[in-house]
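Working notes, beginning with the structure itself.
The values are calculated or read from the model by the stated rules, or taken from the named source; none is laboratory data. Quantities reported herein were computed from a predicted structural model and do not represent experimental measurements. Using ideal geometry, Cβ is built from the backbone for each residue, glycine included, and neighbour counts are taken over all protein chains shown.
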């Protein structure tokens, strides 16, 4: 059986049209091209793109992406999306894990995000990573839906380092079940 190779890399200019399309598909078009262009050049932003290829193929399909902004001691996770066909395969967990790892490498102390109150799948994902609901933004989204504010502290603690190690093992096991392996540049 052919292994599917996953790759996580920062967003490039050539990927922006695909990311804008994926944003529209998954999130209803939260950001436009110019927003993504700003993320590439911002030193306070990390925007990771998850792509897939099969062994022996040079073609890469973009499966998802995630972004965080480093604001003072806080990682504000602004976007996390996975193509609908690929949801439920631990790819969202993989993206969130890497965003939180980036937050730790930036010496950030806590993380926050907003999520649609009816997005139970995303809320469940964030809770797995220790986020708790701390508030609500009424009418936050274009369709008038409320956002829940989620928060996670202690990113700079030894316990969080242990949690990262545990999550990495769990995610690797789940990805293997779907015949995925991570591609690393040499």
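Things to note:
- Neighbours by Cβ (under 8 Å, 6+ apart or cross-chain): first from the range 26-50, under 17 Å from residue 14 (Cα atoms); second exposed (fewer than 12 other Cβ atoms within 10 Å of the Cβ): 33/17; 37/13; 40/12; 40/13; 49/12
- Within the range 41-60, being modelled with pLDDT under 95, surrounded by fewer than 15 Cβ atoms within 10 Å (Cβ to Cβ) and in contact with a strand residue (DSSP E or B) (Cβ under 7 Å, 6 or more places away or on another chain) holds for 54, 55, 59.
- Residue selected from the range 155-180 under the condition assigned to a loop (DSSP other than H, G, I, E, B) and modelled with pLDDT under 90, by the criterion farthest from residue 130 (Cα to Cα): 179
- Check on residue 173, loosely packed, with under 12 Cβ neighbours inside 10 Å, under 20 Å from residue 64 (Cβ atoms) and without any contact (Cβ under 8 Å) to a residue 12 or more places away in the chain: yes
- Within the range 80-131, tally of residues that are assigned to a strand (DSSP E or B), in contact with a strand residue (DSSP E or B) (Cβ under 6 Å, 6 or more places away or on another chain) and either without any contact (Cβ under 8 Å) to a residue 40 or more places away in the chain or surrounded by fewer than 22 Cβ atoms within 10 Å (Cβ to Cβ) (or both): 5
- Criterion: under 28 Å from residue 62 (Cα atoms) and under 18 Å from the mean Cα position of the chain (by Cα) - qualifying residue of 155, 148, 177: 148
- Checking each residue in the range 132-145 for being surrounded by fewer than 15 Cβ atoms within 10 Å (Cβ to Cβ), touching a residue at least 12 places away in the same chain (Cβ under 8 Å) and over 19 Å from residue 74 (Cα atoms) picks out 142, 143, 145.
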